Amino acid sequence: MNAAPDPSAEITRCAHEFSDALVRQDQAAVAAMLSEKFAYMTASGQVLDRAGFLQRFVSAPGVRWERHQLDRITVKPLGSYFVLTCRVHNAAWVDGTRLAARLSSTYLYARVDSGWQCVAGHARSFPATGETVESEVVER
C-alpha cells in the first residue's frame, strides 16, 4: 500500500517551482500557482491582488529577475490550509537598476483540483547582522 503524499513536501516543491517560474517570468505558470482570490502584501506594505502581483513582478517591462531563492522553509498545517514560512533572497533588475533584498515571507496554500495554489502571501525585509538597510541598490 502506498503512503499518501506528504503535503509539506508537495508545498515545498510548489514554492520552488513558483520561484523558478518567477525568475523565468513565465506569466502562465505563475498565474496557475496563484488563487484567483490571491492577496499579497509587499515588504513596503502595498497590498496586491493576483493581477497586480503578476503585473508588478512578472510582466512589467522593466523587471528582469536574476534569482528568487528560498531557504529555511517550514510548512505547517492550519485546518484545511498549510502555512509556508521561509527566507527569500532576491536579485532583480528594475528599470536599469539592480536591486537585491532579503525577505522573511509567509504564504498560505490551499489544495485545489490541480494540486496546490497560493492563496495569500506576505514579505518583510530583514537585514543581515548589523545592517539596518531594508534593500539595497547594488548597481546602476
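If you go through segment 32-85 one residue at a time, how many are of a type in the set (S, T, Y), under 23 Å from L99 (Cβ atoms) and in contact (Cβ under 8 Å) with a residue 40 or more places away in the chain?
Count: 2.
In segment 86-125, what residues are free of Cβ contacts under 8 Å to residues at least 12 places away in the same chain and in contact with a strand residue (DSSP E or B) (Cβ under 9 Å, 6 or more places away or on another chain)?
Going through segment 86-125, the residues free of Cβ contacts under 8 Å to residues at least 12 places away in the same chain turn out to be 113.
Of everything in segment 86-125, nothing turns out to be free of Cβ contacts under 8 Å to residues at least 12 places away in the same chain and in contact with a strand residue (DSSP E or B) (Cβ under 9 Å, 6 or more places away or on another chain).
So if I check each of S44, S80, which one is at pLDDT below 95, among the polar types (S, T, N, Q) and over 18 Å from S105 (Cβ atoms)?
Values: S44 fails: over 18 Å from S105 (Cβ atoms).
From the options S44, S80, the qualifying one is S80.
Which residues, taken from segment 56-82, are in a helix (DSSP H, G or I) and under 14 Å from the mean Cα position of the chain (by Cα)? Spell out how you get there, then give the answer.
Of segment 56-82, the ones in a helix (DSSP H, G or I) are 56-59.
If the condition is that a residue be in a helix (DSSP H, G or I) and under 14 Å from the mean Cα position of the chain (by Cα), then R56, F57, V58 are the ones that fit.
Among the residues that make up segment 68-76, is at least one of them farther than 17 Å from R13 by Cβ, surrounded by fewer than 17 Cβ atoms within 10 Å (Cβ to Cβ) and either basic (K, R) or modelled with pLDDT of 95 or more (or both)? If you could, list the steps in order and put the result at the bottom.
We begin by selecting, within segment 68-76, every residue farther than 17 Å from R13 by Cβ; these are none.
Within segment 68-76 (the criterion being farther than 17 Å from R13 by Cβ, surrounded by fewer than 17 Cβ atoms within 10 Å (Cβ to Cβ) and either basic (K, R) or modelled with pLDDT of 95 or more (or both)), the answer is no, since none of the residues qualifies.
The values are calculated or read from the model by the stated rules, or taken from the named source; none is laboratory data. Because the structure is predicted, anything quoted here is derived from the model rather than measured. In this analysis, Cβ positions are derived from the backbone assuming ideal geometry, glycine residues included, and neighbour counts consider all displayed protein chains.
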